[in-house]
1. Probe radius 1.4 Å, ligands and nucleic acids ignored: give me the carbon and sulfur share of the accessible area of region 125-198 as a rounded percent.
2. With every protein chain present, what is the per residue accessible area of region 1-125 (1.4 Å probe, Å²)?
3. Over the C-alpha atoms of region 59-161, what are the Rg and the largest Cα-to-Cα span, Dmax, in Å?
4. Give, in nm to one decimal, the length gained when the segment between residue 229 and residue 50 is fully stretched (0.36 nm per residue of separation minus the Cα-Cα distance).
5. In degrees between 0 and 90, to the nearest 10, how far off the longest principal axis of the chain does helix 107-116 point, with axes built from Cα atoms?
6. Only four residue types carry charge here, +1 at the Cβ of Lys and Arg and -1 at the Cβ of Asp and Glu. Report the dipole size of the chain about the Cα centre in Debye, rounded to the nearest 20.
7. Roughly how big is region 81-136's charge dipole about its Cα centre, with Cβ charges of +1 (Lys, Arg) and -1 (Asp, Glu), in debye to the nearest 20?
8. What are the trypsin sites (Lys or Arg not before Pro) within region 120-215 that DSSP puts in a loop, where the Cβ has at most 14 other Cβ atoms within 10 Å?
Amino acid sequence: MTIPDPVDHSSCVPHVVFDLDGTLCPQTLGVALMRLLARRGICAPEPVAHLEAFLADLPLHEPRTPEQDTHIYRLFCESLVGVSVSAVRRTAADVWATSRDGLFPYVRPLIGELKERGYRVALISGSPHEVVEEVASDLEVNTCQGAILEADGSTYTGRSTLLPGLPGGKTRVLRGFMRTCCMQKSVAIGDSTRDLELLSRVGRAVAFEPDTPLQRAALRGSWPVVDRHTCGQTLLTLLPPLHPAGHGP
């Protein structure tokens, strides 16, 4: 990903940028994908077993460190060496087919209303782009970005080229969005410390059921703090229609 040319602010549109895992749905879709790949015998089983043990040992209700997230990504990449890209895409579609009903109830009505009001909606996730694309297509959002796992032709190499879940990753993604996105007029919603670099670069930030460090940052920044019951109404209060009724962009 390269840094884009300066944006033309006369034509850019405010975005509402959502974190995915933990904010729109309660589970981590990348982990669900890895588990299903292992159950189907598509990927190497040993890294998945190591991931399960690693996750089980993590302290409850404590944010993961960048080192821990790096280790999780490493295990995922190791499990995919030589695996068919098409097989992972098919499995990602199946993961979302069984997970889509677990979306928080506020999500679909809110996204529909935001688009009706003239906003563009974006998803950023540390989960693999293959499964993030499935969510984005289902929700009909304007743009999305997940982790990019390197492929050489039709199979994965075991390396990665973009990891939004690690420090600096979401900043790189935002640079890619900036061709059409007015950051100063945009809103971002996230639930964890890993979202701080995203939340701190937009005009308005919203903390969704935040972990402790994000809760403290929200207090310092006077950011709204919402939960699955209040998120929809809070955002609609913050974001009036961009154009009068009957006068689109």
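The values are calculated or read from the model by the stated rules, or taken from the named source; none is laboratory data. Computed from a predicted structure; not experimentally measured. No Cβ is skipped: glycine too gets one built from the backbone with ideal geometry, and neighbour counts run over all protein chains shown. Just the protein is used for accessible areas: all its heavy atoms, side chains included, with ligands, DNA and RNA removed. Shrake-Rupley method; radii C 1.70, N 1.55, O 1.52, S 1.80 Å.
1. Numbers: 1260 of 2810 Å².
After summing per-atom areas, the C and S share lands at 45 percent.
2. Each residue of region 1-125 exposes 49 Å² on average to a 1.4 Å probe.
3. For region 59-161, the Cα-based Rg and Dmax read 15.7, 45 Å.
4. On the way: separation 179, 0.36 × 179 = 64.44 nm, distance 3.55 nm.
The residue 229-residue 50 span can extend by a further 60.9 nm.
5. Approximately 40 degrees, to the nearest ten.
6. 520 debye
7. 140 debye
8. Passing both the DSSP loop test and the Cβ count: 179.
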